[in-house]
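Written below as structure tokens is the structure these notes are about.
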Ligand SMILES: C[S@@+](CC[C@H](N)C(=O)[O-])C[C@H]1O[C@@H](n2cnc3c(N)ncnc32)[C@H](O)[C@@H]1O
């Protein structure tokens, strides 16, 4: 590649004599020449003049630059780059484009800017970034460095820049070299495993994670494959889930408006697996706020997604939550309808699942109790407890004890429920049972 640099300060380019660019020159892969356009100035070597119409500072005159460029040895169609903060922002894609060229000509500005007519000579106006340097030299050097390392044979193994940040369209993954343990900081296990496929996946995931955190704008341009889209969905879903759990905690602490505001800020994609958690948390918050319609709408969306995906476990959750919201709103008939759907689904897909039966029967039993049939409610709640005791799920057991305790006004059951909720750190559950216990008629009476 041939590079010509028009500058008033050729000596500033000494750094390009070293390292990889210097070696590329020594190997004959690169021919860089510097041209001081002051040498071409007709008027007593003056390269600048005042702007027409007045204004601050001096401008580079057209004549020295025109004459200098005309005197250059030129290949066919050289790329002529004018350094200018108002130009196209330089980036890796631009460097890759320039690395394909046979000749680059850089024009480094100084003072306040250029006579506009100089721009008729150029193919590209290019900026290093959104800041103003005193001259174009440092910008040109940066661009030469980024471009030259992309020329085949300049860097030994071509692959070594294919993984660079931006080359792949993503930021680069973290890397480690010996020793394995440096001051207690150890290398991730996967890199020590020798399992190439796992290492490749880990690196891809780390790159996607870093890019999502630091430069989400890059992902808009990124050519997604099915694999990267899936990994990104998992990463993004994890992030959303963290915020959703935060909203859940706020709700638990009684800050319903805070929880709602947090959920409103999240733009969880319908395709994401976190969408279920998102909708169900919305549903909970609305139900707690007494906004039945909104709660039902959230769970209906949840049900629609579960049905579209034929996800039976989520369908079961949806029926269950819809039944709860109807029950809380006092519409017991609608609640029963949802529980009937749930029962059908359980019979078809979760017949032997004790936990699912325990949770379902608790709700059926409680509803029956609210409908005034204490005898049947007790039988159903007892079944819920039997199923719960076949699992090691303390929540299901606590709920069933609570249900039986309330139906039978039984202190022992309520105390068992209280102990279980307390051991689970479920303050709301424990408080609720505590109130039932305080309202029990005293045993002496
Ligand atoms: C002081 S600057 C002139 C700034 C000009 N008045 C403006 O506001 O755009 C002098 C020269 O430095 C170079 N320069 C300054 N900032 C640059 C950047 N971000 N990218 C590329 N070249 C830059 C350009 O060649 C520019 O003509």
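Bear in mind that the values in this text are calculations on the coordinates, not laboratory data. Since we're looking at a predicted model, the values are computed, not measured. Glycine also receives a Cβ, built like all others from the backbone with ideal geometry; neighbour counts cover every protein chain displayed.
With the requirement that a residue be buried (at least 22 other Cβ atoms within 10 Å of the Cβ) and near the ligand (Cβ under 10 Å from one of its atoms), what does segment 104-113 give you?
Scanning segment 104-113 gives 106, 107, 108, 109.
Hey, does segment 64-82 have a residue that's within 41 Å of the chain's Cα centre (by Cα), closer than 28 Å to residue 163 by Cα, buried (at least 17 other Cβ atoms within 10 Å of the Cβ) and within 15 Å of the ligand (Cβ to nearest atom)?
So far as segment 64-82 goes, yes, one or more of its residues are within 41 Å of the chain's Cα centre (by Cα), closer than 28 Å to residue 163 by Cα, buried (at least 17 other Cβ atoms within 10 Å of the Cβ) and within 15 Å of the ligand (Cβ to nearest atom).
Is it true that some residue in segment 93-112 is more than 18 Å from residue 129 (Cα to Cα), without any contact (Cβ under 8 Å) to a residue 24 or more places away in the chain and not in a helix (DSSP H, G or I)?
Yes.
Name the residues in segment 347-364 that are outside any helix (DSSP H, G or I) and within 22 Å of residue 402 (Cβ to Cβ), would you?
Of everything in segment 347-364, just one residue is outside any helix (DSSP H, G or I) and within 22 Å of residue 402 (Cβ to Cβ), namely 353.
Can residue 344 be described as in contact with a helix residue (DSSP H, G or I) (Cβ under 8 Å, 6 or more places away or on another chain), surrounded by fewer than 23 Cβ atoms within 10 Å (Cβ to Cβ) and either without any contact (Cβ under 8 Å) to a residue 24 or more places away in the chain or part of a helix (DSSP H, G or I) (or both)?
Numbers: in contact with a helix residue (DSSP H, G or I) (Cβ under 8 Å, 6 or more places away or on another chain): no; surrounded by fewer than 23 Cβ atoms within 10 Å (Cβ to Cβ): yes; either without any contact (Cβ under 8 Å) to a residue 24 or more places away in the chain or part of a helix (DSSP H, G or I) (or both): yes.
The answer is no for residue 344.
If you check residue 367 against the conditions, is it closer than 25 Å to residue 280 by Cβ, more than 39 Å from the chain's Cα centre (by Cα) and assigned to a helix (DSSP H, G or I)?
yes
Of the residues that make up segment 147-168, is at least one assigned to a helix (DSSP H, G or I) and in contact with a helix residue (DSSP H, G or I) (Cβ under 6 Å, 6 or more places away or on another chain)?
yes
Name the single residue, out of those in segment 121-159 being within 33 Å of the chain's Cα centre (by Cα), exposed (fewer than 11 other Cβ atoms within 10 Å of the Cβ) and more than 16 Å from the ligand (Cβ to nearest atom), that is nearest to residue 204 (Cα to Cα).
Of everything passing the filter in segment 121-159, 159 is nearest to residue 204 (Cα to Cα).
Can you tell me which residues in segment 83-103 are surrounded by 18 or more Cβ atoms within 10 Å (Cβ to Cβ) and within 14 Å of the ligand (Cβ to nearest atom)?
83, 84, 85, 90
Just checking, how many residues over segment 215-226 are surrounded by 11 or more Cβ atoms within 10 Å (Cβ to Cβ) and part of a helix (DSSP H, G or I)? Explain how you work it out, then say what you get.
Filtering segment 215-226 for residues surrounded by 11 or more Cβ atoms within 10 Å (Cβ to Cβ) gives 215, 218-219, 222, 224.
The next check asks that each one be part of a helix (DSSP H, G or I); those that pass are 218-219.
Looking only at that region, the number is 2.
In segment 166-202, how many are at negative phi and touching a residue at least 24 places away in the same chain (Cβ under 8 Å)? So that I can check it myself, show each step before the final result.
Initially, segment 166-202 is screened for residues at negative phi, giving 167-168, 170-182, 185-193, 195-202.
Add one more test, that the residue is touching a residue at least 24 places away in the same chain (Cβ under 8 Å), and what stays is 167-168, 170-174, 201-202.
Of the residues in segment 166-202, 9 are at negative phi and touching a residue at least 24 places away in the same chain (Cβ under 8 Å).
Out of all the residues in segment 306-341, which are assigned to a helix (DSSP H, G or I) and farther than 20 Å from residue 366 by Cβ? Working first, answer last.
Going through segment 306-341, the residues assigned to a helix (DSSP H, G or I) turn out to be 306-308, 312-328, 332-341.
Passing the criteria: 306, 307, 308, 312, 313, 314, 315.
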